[in-house]
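A short write-up of the structure that comes next.
The values are calculated or read from the model by the stated rules, or taken from the named source; none is laboratory data. What you are looking at is a predicted structure, and each value in this text was computed from that prediction instead of being measured. Side chains are part of the model used for accessible areas, which takes the heavy atoms of the whole protein and leaves out ligands, DNA and RNA. Shrake-Rupley method; radii C 1.70, N 1.55, O 1.52, S 1.80 Å.
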Amino acid sequence: MIGSPNLASLLTAYYQCGHCTSETDTRTDESGLMHVVIHHDDGCPVLNGHVSALGDVLRAAIPDTFRP
């Protein structure tokens with residue numbers, strides 16, 4: 001992920017797959033770059049590439065827009 005580490009933390013906190021009960025966390029690679037890691041369920045259509053995760057990522061990136 002390119003950008004602020006704070007953004008990665010926010011995406012990790014707010015990301016929720018609309019198709020499974022995935023869990024999220026972050027990892028930092030050897031160069032210090034932080035990555036958001038999403039652990040989708042085995043049968044999840046997002047994991048299998050049948051459905052895009054774009055909507056879920058947008059909801060996580062701008063959560064106030066999608067919350068009552």
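Counted residue by residue at 0.36 nm each, then reduced by the alpha carbon distance between them, the extension gain from Ala61 to Asn6 reaches 18.7 nm. Accessible surface computed residue by residue for the chain, with neighbouring protein chains in place and a 1.4 Å probe, gives 70 Å² per residue.
Run the accessible area of the chain with a 1.4 Å probe and give the carbon-and-sulfur part as a rounded percent. Carbon-and-sulfur percentage of accessible area, whole number: 55.
Please identify, among Ser52, Ser31, Ser22, the residue showing maximal mean-square fluctuation in a Gaussian network model of the chain using a 10 angstrom Cα cutoff. Among Ser52, Ser31, Ser22, the largest GNM mean-square fluctuation belongs to Ser31. Helix-only mean residue ellipticity at 222 nm, the chain, DSSP H runs n ≥ 4 weighted -39,500 (n - 2.57), per residue, nearest 500. What is it? Dividing the helical sum by the residues of the chain leaves -7500 deg cm²/dmol.
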